[in-house]
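All remarks here apply to the structure that follows.
Read the figures in this text as sums done on the coordinates, not as results from a lab. Just so we're clear, the structure is a prediction, and the values are computed from it rather than from any experiment. Here the Cβ positions follow ideal geometry from the backbone for every residue, glycine too, while neighbour counts run over all protein chains shown.
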Amino acid sequence: MIYLYPGYPTMPLSTTDWNWYTSTASSMSTKYPVSSTSIKSENYSAWANDSYNLAIKYVYPGFVAGQTPSSTYDNTAIPVVEKNMMLGASRLADLITRIYGTNSLFLQ
């Protein structure tokens, strides 16, 4: 979301902002479903390696410090970012569930 909506939203969120965040997250979760095997529960080294490999493959090639990325770069990078935002959210949800349990008031 940060590439579409940089900065800090005014809190509390307005109905319009809340609806935008909700519909964007829902759309991304449908577009980029996360398999349970890709979560790699509590395997933090695997998470780091996954991120490193994505950076090597998608972030560094074609990126020049101090220059605005090209539309080709953006068109390649944005789907990778969105897919991995969903993966990161799923990993965080899994971790919170493992820490607090499925019956936690925090998750309700």
Cβ-Cβ FRET estimate between ALA46 and SER23, R0 fixed at 30 Å, reported to 0.05: 0.45
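Per the helix-only calculation at 222 nm, which mean residue ellipticity applies to the chain, given -39500 (n - 2.57) for every DSSP H run of n ≥ 4 and division by its residues, nearest 500 deg cm²/dmol? Display every interim value, and only then the final one.
Numbers: 4 runs with 62 residues, N = 108.
Result for the chain, helices only: -19000 deg cm²/dmol.
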Would you indicate which of (1) 78, 33, 21; (2) 47, 38, 23; (3) 43, 27, 22 is the value of Cα extents along the principal axes in Å derived from the coordinates of this structure? (2)
I'd like the distance separating the alpha-carbon centroids of the stretch 68-95 and the stretch 10-66, in whole Å. 4
Karplus-derived 3J(HN,Hα) from phi for the stretch 62-70 (6.51 cos²θ - 1.76 cosθ + 1.60, θ = phi - 60°), whole Hz, x at Gly and Pro, runs x, 9, 10, 4, x, 10, 5, x, 6
Sequence order, the stretch 10-22: Karplus ³J(HN,Hα) from phi using 6.51 cos²θ - 1.76 cosθ + 1.60, θ = phi - 60°, Hz rounded, Gly and Pro as x, gives 6, 9, x, 4, 6, 4, 4, 5, 4, 5, 5, 4, 5
Between ARG98 and THR76, what is the spin-label point distance in nm, taking each point 7 Å from the Cα along the Cα→C-beta axis? 3.3
What relative contact order, as a whole-number percentage, does the chain give when Cα pairs under 8 Å and 6 or more residues apart are counted? 35
